[in-house]
Amino acid sequence: MGSIVKITIFQRIIIVQCTLIAVIVLASYYAIFNLDEITRLNTRILTVDSTCVAEEKRLLKIFLGEMRNAEKFLVLHDQDFYSNFLQSSTDFISSVERIGTLVETPEEHKLVDKIETLHSRYNEGIHSATPGIDEGKETRSEISDDLISSTNELIRLREQIIQAKTSDARDQAIYASKMMGWLAFGGISLALLLAYTQARSISRPLNRLAREMRRLAKGEPVRSLAFRAPPEVSELAETFYSMIEELNELERLKADFTAHVSHELRTPLTAIREGTALLLEEIPGPLNPEQMEILEVMRNHSGRLHSTISSILDLSKMEAEMMEYEQTACDVYTLIHRSLENVRLIAEKRRVTLHTHLSESLPIVFVDERRIQQVMENLFSNALKFVPEGGEIRVTAGVTEPGNKNGSFVEIRVSDNGRGIPEQDIDKIFTKFFQSPKHRTQRLRGTGLGLAICRHIIHAHKGRIWAESRFGEGSTFVFTLPAGCSRKTSGDRV
């Protein structure tokens, strides 16, 4: 079987436009055809039928004048009346000839022939009559009455024809109007359908691709998509996934390098820390105050470096799904208060008030106690870092019912009244090494690993973690843990 020919976006647009143009041309041709038919019908009525009726009425008027002149001549013997009679007779014959060229139906032609015959008989009666003698008058009266009746019948037939043609023109106009309405409706519907189909065939794969790009920007795993799309969109998707493969390879190399370097630094750093501790204990000998101060600085900085290296190694294990979690039954209430006690001295030093609002019915959760406490302490430390002196931090905990088969969750919220997080950074703060440009002062600077580690820990426990914030009004970090889950054996990987 041959390969399926894919139509490009440009070709699709051309096909749709040509289809619409064809529909418009057909509708226009139909409208012009019907308009031409109606115009020709109306023109026929005006130029032929109306002229025919007018000529027939003129014929009747001529004959009535001819009758008056003939009867006056027979009574008065005046040659002027006879001349007028002859002129009217000539006009009558000319009018009948014109009417003969205008009439259409066999009935009309029969009436025209009858009128000609009756007129000839009437003229013969006039010519054969003797002036002053009243003979043949009754016969002439019968002929004239029959001629007038035939002329009126001819007028009536022509008026019926005009009425029928007018009715046909009206019906044809109504039918054409309805058909044009349906054609317009069908054309608009077809245009909308084609536009929707074309837009959907382009926008749907682009939206799905954009959704995966947003997932990539948030640091979430990108799914491989299979969809039918124009060649341009398919090429864009292939380029995107090729870029993802390269990024993943670079990320793997970077992670391997970071883990290797961190591991290599950890051993000498441990020796430095132990040596510093021995010196501070004055085991080699007594120290003066200046030496003690220098060693304290060395211990603090080496401790910070050791913490950073440990975080990098932990994150590398989490990303490789090699981190082991020791899950035990834990009391959420105890976990929260223990974590708060670890940061209380810092809070008191900065005059920050700590508030707790914990539900009385918090269930037992099965978690790695040390790792969840690490999450809480990280969130508390971040809140203390960004809250102003004299501010406040609120910790609330309760049970949420998601309304599905996953069961209930314990939801813990950590809120502060600090400067908040810019909206454009909300989706980035859980990405490793990310630091907001708004928070890059010396006091607020960190490694950018804490929230990334928190996200891995919470996700490993089948929970969720997210942030809510409005810049300038404070932030709220929320995470959930499943309640009532079955306990796992120590050492299981999650």
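We did not get these values from a lab; they are worked out from the coordinates using the rules stated. Treat the numbers as computed from the prediction; the structure is a model and nothing was measured. We place every Cβ from the backbone using ideal geometry, glycine too, and count neighbours over all the protein chains shown.
Remark on the chain: ratio of C-alpha radius of gyration to 2.2 N^0.38 Å is 2.28. Ranked by the mean number of other Cβ atoms within 10 Å of their residues, highest first, the peptides 277-288, 184-195 fall in the order 184-195, 277-288. Legend: P(r) of the stretch 231-319 from all alpha carbon pair distances, 10 Å bins from 0, whole percents, reading 15, 28, 20, 15, 10, 6, 4, 1. Dividing the mean sequence gap of close Cα pairs (under 8 Å, 6+ apart) by how many residues the chain holds gives a relative contact order of 12 percent. Evaluated with a Cβ-only charge set (Lys, Arg +1; Asp, Glu -1), the chain carries a dipole of roughly 2860 debye about its Cα centre, given to the nearest 20. Averaged over residues, the count of other Cβ atoms within 10 Å places the peptides 56-67, 9-20 in the sequence 56-67, 9-20, highest first. Dipole orientation for the stretch 231-319: of the candidates 248, 268, 237, 268 has the Cα lying most toward the positive pole (charges on Cβ; Lys, Arg +1; Asp, Glu -1). Counted by neighbouring Cβ atoms within 10 Å, the residues 379, 46, 111 run from fewest to most as 46, 111, 379.
Ranking of 213, 318 by neighbouring Cβ atoms within 10 Å, starting from the fewest: 213, 318.
Extents of the stretch 9-194, taken as max minus min of Cα coordinates on every principal axis and listed largest first, are 101, 24, 20 Å. If I fit a long axis through the Cα atoms of helix 137-217 and take the longest principal axis of the Cα atoms of the chain, what angle between them do I get, 0 to 90°, rounded to 10? The answer is roughly 10 degrees. Take every pair of alpha-carbon atoms less than 8 Å apart whose residues are at least six positions apart; their mean separation over the length of the stretch 9-194 yields a relative contact order of 33 percent.
For the chain, the longest principal axis of the C-alpha atoms and the axis of helix 9-44 are separated by about 20°. Hey, what angle do you get for helix 289-319 against the long axis of the chain, alpha-carbon based, 0 to 90 degrees rounded to 10? That helix lies at roughly 40 degrees to the long axis.
The base-10 log of I(q)/I(0) for the stretch 327-482, evaluated at q = 0.09, 0.14, 0.16, 0.21 Å⁻¹, reads -0.28, -0.68, -0.90, -1.51 [Debye formula, identical scatterers on Cα atoms, solvent excluded].
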